[in-house]
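Take a look at the structure below.
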Amino acid sequence: MTIFSDIGRYLLMIKGMFSKPENGKMYWKEFIHQCTEIGYGSLGIVAIISIFIGAVSTIQTAYQLVSPLIPPSTIAQIVRDTVILEFAPTLVCIVLAGVAGSRIASELGNMRVSEQIDALEIMGINTKAYLIMPKIAAALLMIPMLVVIAMVLGIMGGRIAAVAAGIIPGIVYDKGLLEFFVPFNVIFALIKSYVFAFIISSIPAFYGYFVKGGALEIGRASTKAVVVSCVLILFADYILSALLLPT
Amino acid sequence: MIEVKNIKKSFGDKVVIEDVSCVMKAGQCNLIIGSSGSGKTVLQKCMVGLFEPDQGEILYGGQNFTAMKGTEKTEIRKEIGMLFQGSALFDSLNVQENVMFPLNMFTKDSFKKKLERVNEVLARVSLADDVNKKYPSELSGGMKKRVALARAIVLNPKYLFCDEPNSGLDPQTSLVIDRLIQEITKEFNMTTVVNTHDMNSVMEIGNYILYMYKGNKEWEGNNREIIFSKNQRLNDFIFASEFLQDAKDMRMLEETGKIPNHRNMEEMLRKDAPSMGTSSDTPPTN
């Protein structure tokens, strides 16, 4: 029964976010602050992960493609499609669930426990609109951007590894990148990143906003938020792939 | 003036407040006292709208707050300032930004004007300009309370709520905070509701005192009447400290004529506060 109650409270929280801002300027300021926290704050880890994922994909693909009948440029094609379809949106979003999600949950949890949310309510501010809406909006703007950056860096990482390890020359890798390119793959990755961005921001916000107790509960809420977000990301990944990819 | 009419509140099967009614007057420090778990915080949270009471009404200047919808409630809330037990200052904002926050949200004044107002209220709570750029983590407990009080009064609210303003403070700082609350209440003719179990506060600022016991209104009166109350539960509560127990013993000796009553306080009390004759001094039956 708890799961139904949680779903109900989650939906009411989402509904409660939509109200006229008390002061648009303050909401905009908070939105920009969240964009900085979620976007710029996660850029470093996203860049590192993307480059290494691309590099490892290249090496492992080359390791598995042993047939002389397969042209070497195929390695670049496989790396490109794997990075665009799966690694950039899904893996990066799982990492972001840990980085940005836990931050959102602990920030709101701390505000709840230390009565800062109550203080805002007393002032007559819609806390769901002021605290949660800018986070979700910022995630919806910044996470797809991070995913695009991850795609580029992943493919670049693959090229660096291919050249550095002597797997294939750079020119062959570049040629492979342009072969059989399907633009819909990028659109599909962006659709996924929007869905994941909503999950990454709204689920931790829910667990943080409704936390009860003290510091220990904030930690628990943060962990639970990350776990639930990751599971939902994987579930949504499967559903979107089944629905949108022609098989 | 705030009128509380027949408020009931329960969480699941646990009834926390059973049918409490009282009137909190303007220009006075109205205290809700009681031991931990007596329901005073829940009553205060019902009054400010953080909890929805199961039954009863809260009236702000005759307007039924409990029956109001979202936007109407917001209008009343703009007239409410609250000092929280843990101060509830925003960690990511410095003192100036914390105090300016309600002004930024609800006024369209220029930055200069808002800054003037911030400095004015900070000066009112005896905080110098050099704290403006400090963050809450850099402040002492007493300073945090003062900043929170400054933030609570920056929009000139009609109603001021204080939840255990002295918790975690030394007696001297507590006294300063108490006096500050009392002065501000009189200066701005606010209806102040203070939730406390600190007997020093009770004696210092209690213009009206509501004593709660297990979710019920057990006694009401003022800080002069409380010391002479015959209510056993209230006596157990107020004379819990050794110092006050001595005072109680002295009172008994005076009453039995074993020592002369030089202070003649009871007579003084009758003269000074004839209007506060609403106290229910009936001792509990069980």
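A:ASN126 meets all of the listed conditions (1) at the interface with chain B (Cβ under 9 Å from one of its Cβ atoms); (2) in contact (Cβ under 8 Å) with a residue 24 or more places away in the chain; (3) touching a Phe, Trp or Tyr at 6+ places or on another chain (Cβ under 9 Å) but one, namely (3).
For the range B:98-215, which fully contained strands (runs of 3 or more DSSP E) count at least 1 residues that are within 14 Å of chain A (Cβ to nearest Cβ) and at positive phi? Walk me through it before giving the result.
Values: elements: B:159-163, B:191-196, B:208-213.
Filter on the range B:98-215 gives an empty set.
Taking the range B:42-88 only, how many residues are away from chain A (no Cβ under 11 Å) and hydroxyl-bearing (Ser, Thr, Tyr)? Within the range B:42-88, residues that are away from chain A (no Cβ under 11 Å) and hydroxyl-bearing (Ser, Thr, Tyr) number 2. Tallying residues that are at pLDDT 90 or above and of a type in the set (Val, Ile, Thr) within the range B:65-106 yields 3.
What is the residue count in the range B:66-97 for residues that are within 20 Å of B:PHE188 (Cβ to Cβ) and buried (at least 20 other Cβ atoms within 10 Å of the Cβ)?
Here is the first cut: in the range B:66-97, the residues within 20 Å of B:PHE188 (Cβ to Cβ) are B:75-84.
Now drop any that are not buried (at least 20 other Cβ atoms within 10 Å of the Cβ), which leaves B:77, B:80-84.
Residues in the range B:66-97 being within 20 Å of B:PHE188 (Cβ to Cβ) and buried (at least 20 other Cβ atoms within 10 Å of the Cβ): 6 in total.
Is there a residue being touching a His at 6+ places or on another chain (Cβ under 9 Å) and either crowded, with 18+ Cβ neighbours inside 10 Å or modelled with pLDDT under 80 (or both) anywhere in the range B:212-226? No - not one qualifying residue is present in the range B:212-226.
Would you check if A:ILE70 is closer than 19 Å to A:ILE160 by Cα, at pLDDT below 95 and of a type outside the set (S, T, N, Q)? Reasoning before the result, please.
Numbers: closer than 19 Å to A:ILE160 by Cα: no; at pLDDT below 95: yes; of a type outside the set (S, T, N, Q): yes.
Against the criterion (closer than 19 Å to A:ILE160 by Cα, at pLDDT below 95 and of a type outside the set (S, T, N, Q)), A:ILE70 does not qualify.
Assessment of the range B:5-25 against the conditions (more than 13 Å from chain A (Cβ to nearest Cβ), under 30 Å from B:PHE101 (Cα atoms) and not aliphatic (A, V, I, L, M)) yields at least one matching residue.
Are any of the residues in the range A:11-23 of a type in the set (A, V, I, L, M), assigned to a loop (DSSP other than H, G, I, E, B) and within 14 Å of chain B (Cβ to nearest Cβ)?
Kept after step one, since they are of a type in the set (A, V, I, L, M), are these residues of the range A:11-23: A:11-14, A:17.
So of that shortlist, the ones also assigned to a loop (DSSP other than H, G, I, E, B) come out as A:17.
Filter once more, keeping what is within 14 Å of chain B (Cβ to nearest Cβ): A:17.
Scanning the range A:11-23, I find at least one residue that is of a type in the set (A, V, I, L, M), assigned to a loop (DSSP other than H, G, I, E, B) and within 14 Å of chain B (Cβ to nearest Cβ), so the answer is yes.
Among the residues of this structure, A:VAL152 counts as one that is modelled with pLDDT of 95 or more and over 13 Å from the mean Cα position of the chain (by Cα).
Restricting A:VAL113, A:VAL56, A:VAL99 to those that are of a type in the set (A, V, I, L, M, F, W, C), surrounded by fewer than 21 Cβ atoms within 10 Å (Cβ to Cβ) and within 12 Å of chain B (Cβ to nearest Cβ) reduces the list to A:VAL113. If I ask for residues that are within 22 Å of B:VAL42 (Cβ to Cβ) and in a loop (DSSP other than H, G, I, E, B), which ones from the range B:216-230 would you list? Within the range B:216-230, no residue meets the criteria.
Within the range B:128-153, count every residue that is among the aliphatic types (A, V, I, L, M) and touching a Gly at 6+ places or on another chain (Cβ under 8 Å). Before you say what the answer is, go through the steps one by one.
Step one: list which residues in the range B:128-153 are among the aliphatic types (A, V, I, L, M), which gives B:128, B:131, B:139, B:143, B:147-150, B:152-153.
Filter again for touching a Gly at 6+ places or on another chain (Cβ under 8 Å), leaving B:152-153.
Of the residues in the range B:128-153, 2 are among the aliphatic types (A, V, I, L, M) and touching a Gly at 6+ places or on another chain (Cβ under 8 Å).
Does A:ILE32 satisfy the condition of being out of contact with any strand residue (DSSP E or B) (no Cβ under 7 Å at 6 or more places or on another chain), part of a helix (DSSP H, G or I) and surrounded by 16 or more Cβ atoms within 10 Å (Cβ to Cβ)? Answer is no for this residue.
The values are calculated or read from the model by the stated rules, or taken from the named source; none is laboratory data. All values derive from a computational prediction rather than experimental measurement. With ideal geometry, Cβ positions are generated from the backbone for all residues, glycine too; neighbour counts draw on all protein chains shown.
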